[in-house]
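Remarks on the structure that follows.
The values are calculated or read from the model by the stated rules, or taken from the named source; none is laboratory data. Keep in mind it's a predicted model, so treat the numbers as computed, not measured. Counting neighbours? That spans all protein chains shown, and the Cβs are built from the backbone with ideal geometry, glycine included.
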There are 2 protein chains.
Amino acid sequence: MAEIIRLLVIDDELPIRRFLRASLDPKEYELLEAENGAEGIRITAKSNPAVVLLDLGLPDMDGVEVARSLREWTQVPIIVLSARGQEQDKIDALDAGADDYLTKPFGVGELVARIRVALRHSGRSADDPPDPVFEAGGLRVDLALRQVWRDGTEIHLTPIEYKLLALLIRHAGKVLTHKQLLTEVWGPAYEIETHYLRVYMGQLRHKLEATPAEPRYLTTEPGVGYRLRTE
Amino acid sequence: MAEIIRLLVIDDELPIRRFLRASLDPKEYELLEAENGAEGIRITAKSNPAVVLLDLGLPDMDGVEVARSLREWTQVPIIVLSARGQEQDKIDALDAGADDYLTKPFGVGELVARIRVALRHSGRSADDPPDPVFEAGGLRVDLALRQVWRDGTEIHLTPIEYKLLALLIRHAGKVLTHKQLLTEVWGPAYEIETHYLRVYMGQLRHKLEATPAEPRYLTTEPGVGYRLRTE
DNA sequence: GTCAAGACTTACGAATTCTTGACGCCTCTG
DNA sequence: CAGAGGCGTCAAGAATTCGTAAGTCTTGAC
């Protein structure tokens, strides 16, 4: 199963919070609780929940105001849970920045389904940033596409070769020790097989370096490990 | 005011369409209409509406299926409008890819507020028409119509073949691991059946590649997975 | 029941990748 | 200077993964 989803419920009524706590599988959802609007805003800022469940009838401020305040600085999905079923209440809350509105009483199944919708939405906009592409000289690696080029021509790497190169790229410029490389690529049980590294670094140099005997990018740090130079 | 928002309502009941047409300000919303699921999908592909309003009780196919079909190739917000108020109906529709669910009868104000929410989610500019057609060389796939051509002639694919191909197209260029493919196409329980992939990739190559033994598009990444090359 | 389409299974040769050992070079150190 | 150890190269065979063909099983239409 994936990681645990952190939810925040902002509601002063203990029975509702109890109900949610009892209904949501703790292996799937972590439930934070706030009893009023100010506390809800504070906890949102501090704990960065994946979704906020917001009641409208709060003791210190109106729920619509809470939604508006949150929207000033966060895009966290807000699902309003309210006993008020009047249309104008819904419109006000949705226009204030809420993403969904459920009228009490509601079924847990529907709530969870709507939470899934909210998570789908927040996940989608997150993968907008373009592919992380590493470039240095004639070497070009697209980690999202799992593709490697040298001087414009595509190079095929075996799984281990690629894993090794990707690891070096993620720590470009830094020295990675033999142990680190072996543990990450082959697994903790192989941390003494330094010979593997010599073989595979050789293969990578052969495929990627202009003059494999005098590596420009994949350099050796004698007695320590290897490093991917960035220039 | 900004430009006119194009909506598509998929509903076979004329009174509902009339009601929407009468309620929505034509200076603000342009309302397209479809009387059944197939027509709805076609119009979505052709006219790229900003939001789809979907009834569940359609004459030709279930609304949940329409949502699922749309989600195979487009991210357009889907708001379900249904007389079915059962919780399970809502869960099914939302999990099939719908973004919101209103039970009839509903107020126009609430509907419009939820449309505004949907527009907020889909991003300010709705001007990136999702291309439901994938093309590369002699290969052409219309994800909206579920049709495939090679060099102009239509190719018939079995359900699994199509699912596999559509998945590769949605991540065109990227490597999809065996596990990802098996989980998405066959389900999480099948993630070790890598042989299925070999068989079905073979069938796809046989149907789609000019020389199946030297695939140009459906390429293997040994030890990792498969990739659909775009050029 | 018959039939056909599609899904799944089995079998096996081919291709790719990984592992391993041999060998030579170099540097450091006693 | 000799020996030890780290490093790079090469290549053989072991192990794994792939592709293909052909078969069996399931399902649904007629």
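Some points to look at:
- Any chance A:Arg229 is away from DNA strand C (no atom under 12 Å from the Cβ) and either within 26 Å of B:Lys174 (Cα to Cα) or within 24 Å of the chain's Cα centre (by Cα) (or both): no
- Top-ranked residue of region A:122-143 - restricted to ones that are among the small types (Gly, Ala, Ser) and modelled with pLDDT under 75, ranked as farthest from A:Ile5 (Cα to Cα): A:Ser125
- Every pair of residues 6+ apart whose Cβ atoms lie under 8 Å, when the first sits in region B:217-231 and is over 22 Å from B:Gly138 (Cα atoms) while the second is assigned to a loop (DSSP other than H, G, I, E, B) and more than 11 Å from DNA strand D (Cβ to nearest atom): B:Glu221/A:Arg146; B:Val224/A:Arg146
- Residues being of a type in the set (A, V, I, L, M) and either within 16 Å of DNA strand D (Cβ to nearest atom) or closer than 26 Å to A:Leu31 by Cα (or both) are entirely absent from region A:130-152.
- Top-ranked residue in region A:174-186 [being surrounded by fewer than 19 Cβ atoms within 10 Å (Cβ to Cβ) and not β-branched (Val, Ile, Thr); ranked as nearest to DNA strand C (Cβ to nearest atom)]: A:Trp186
- Those residues of region B:153-172 which are away from DNA strand D (no atom under 16 Å from the Cβ) and in contact (Cβ under 8 Å) with a residue 60 or more places away in the chain, in sequence order: B:Ala166, B:Arg170
- Hits in region B:149-173 - residues which are part of a helix (DSSP H, G or I), surrounded by fewer than 19 Cβ atoms within 10 Å (Cβ to Cβ) and within 14 Å of chain A (Cβ to nearest Cβ): B:Arg170
- Test: residue in region B:39-61 that is without any contact (Cβ under 8 Å) to a residue 24 or more places away in the chain, surrounded by fewer than 16 Cβ atoms within 10 Å (Cβ to Cβ) and within 19 Å of B:Val9 (Cα to Cα): yes
- Lone unmet requirement of (1) within 14 Å of chain A (Cβ to nearest Cβ); (2) aliphatic (A, V, I, L, M); (3) free of Cβ contacts under 8 Å to residues at least 24 places away in the same chain for B:Val133: (1)
- Just one of the listed residues (A:Glu184, A:Glu214) is acidic (Asp, Glu), within 13 Å of DNA strand D (Cβ to nearest atom) and not in a strand (DSSP E or B), and it is A:Glu214.
- Residue count for region B:191-202 under the criterion of being farther than 20 Å from B:Ala213 by Cα and surrounded by 15 or more Cβ atoms within 10 Å (Cβ to Cβ): the result is 1.
- Residue tally, condition under 19 Å from B:Gly123 (Cα atoms) and either at the interface with chain A (Cβ under 10 Å from one of its Cβ atoms) or not β-branched (Val, Ile, Thr) (or both), over region B:79-100: 4
- Selection from region A:187-211 of residues that are in contact (Cβ under 8 Å) with a residue 12 or more places away in the chain, more than 12 Å from DNA strand C (Cβ to nearest atom) and part of a helix (DSSP H, G or I): A:Arg205, A:Leu208
- Whichever residue in region B:86-121 is under 24 Å from B:Phe19 (Cα atoms) and in a loop (DSSP other than H, G, I, E, B) and, among such residues, is modelled with the lowest pLDDT: B:Lys104
- B:Leu32 vs. criteria within 26 Å of B:Phe134 (Cβ to Cβ) and at pLDDT 95 or above: yes
- So B:Glu3, is it under 22 Å from B:Val117 (Cα atoms) and in a strand (DSSP E or B): no
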